[in-house]
Amino acid sequence: MLDPTSLFTWEPHVDQRTLRTPTMVVTLGSYVDAGHTQRQLDRLLLEQLPNRVLGRFDADQVLDYAGRRPQITFDRDHFSAYEAPEITLRLLTDHDGTDFLLLNGPEPALQWERMAASVRHVAEQLGVERTVLLQSMPAPAPHTRPVAVTRYASDPELVADEAPVLGTFQLSASFTGLLTLRLGEAGQRALGLVAHVPHYIADNDYPAAAAALMGALRDVAKLAVPVDGFDLAAGIVRAQIDNQVAASEELVEMVGALERGYDAFAEERHLRNVENSQLPSADEIGHQFEQFLADLGDGRPDEDGESAG
C-alpha cells in the first residue's frame, strides 16, 4: 500500500496541532445517494453553519472519472469550465458553538485501504473520538409514513439499545462499510445512520429523508445542527407524490401494500426494542449479584448456631 499520510493535504493556514475535534461526520457517497440525501445534507450544513476547509484528499488518486464523470461546460466553440470533484475535510461550528468535522465528497473508487488508513490517520491527529456516517438506501417503504433510520456501528455496544433489523448476509461492499470496519479495528468508535427512502422516488430529491437523518445526527452526536430546514420542501414533494399516486389505481395499490408492510415492520421493531429495554444491563446484573451475596452474608449463622436475621 502506498503511504496513506501523503493522500491528504492540509490547507496552508491550518495548524493541525492546535485542533482537537471529537466528532467527525461523513457524507461520502455510497452505492447511490437515494433521494439525493447526502447532497441535501451537505448543502444545508454548509449554508447554515460557519465552516472552513481544513484540507483535501487527493481525488485524482482515488476516483474513477470514467465510471463517474464530472461535469464540463462547452461554450459554443470551446470548453470553458470543469467541475473538479473534491473530497474535502471541513471544520463546522453548530448553533451552540461546538466544532465538528465534515468529510464529504464522492465515494472513492480506488485505493480503498489507503484512503481508509488516511482518514483514520487524520482522525487520530485531530483527536476524533466518534465518527458518524450518514447514508440513505432505496427501500420498500411508503412515502406516507415517517422515514425509518436504522443504525450500525463498529462496536455492537454502540447500538445495543436498538434491536437489530437485519440478519447476517453478504453484500457488495461500499467504502463507508470498509471505513467503519477499519476504524473499529483501530479502536475508534464509528456509528452509521441509514435513511430508508421509498424506492419509487429514490432517483429524485426526497427532503424527508434528509430531515430524518439530520434529526438522528442531532440525537446521537448531541450537535445543534439545523433540523427544520427541509420542512417546506418535504411538504411540497409529499403533495406532488400524493397527486401522482392518486391518479393511478396501480400506484394506490402499491403504496397500500407498502404501508401494510411498513406498519408490520414498525410494530415488530417496537416490540423488540421494548424487550431489549426490559433486559438488565451488565452493570445492573453485577449490582444485583453483589446485593444477593450481601444478603447471604446477612443471614450467616452466629456463634450460637442461630441465624443473625
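Please treat every number below as a calculation from the coordinates, not as lab data. Since the model is a prediction, treat every value here as computed from it, not as a measurement. Note that each Cβ is placed from the backbone with ideal geometry, even for glycine, and that neighbours are counted across all protein chains shown.
Observations, loosely collected:
- For segment 150-248, a Kirkwood radius taken over Cα pairs fed into Stokes-Einstein (37 °C, viscosity 0.692 mPa s) yields D = 206 µm²/s.
- Gyration tensor verdict on segment 4-298 (Cα atoms; rounded if a/c is under 1.5, prolate if a/b is larger than b/c, oblate otherwise): oblate
- Check: segment 4-298 dipole with +1 on Lys, Arg Cβ and -1 on Asp, Glu Cβ, in debye: 840
- Based on C-alpha pairs under 8 angstrom that are at least 6 apart in sequence, segment 100-247 has a relative contact order of 29 percent.
- Taking a ≥ b ≥ c as the square roots of the eigenvalues of the Cα gyration tensor, an a/c ratio of 1.5 or more together with a/b no larger than b/c marks segment 71-132 as oblate.
- Pairwise FRET efficiency - Asp263 versus Ala239, Cβ, R0 = 22 Å, nearest 0.05: 0.45
- Calculation over all alpha carbon pairs of segment 43-166 in 10 angstrom steps from 0 returns a P(r) of 9, 28, 34, 23, 5, 1, 0 percent.
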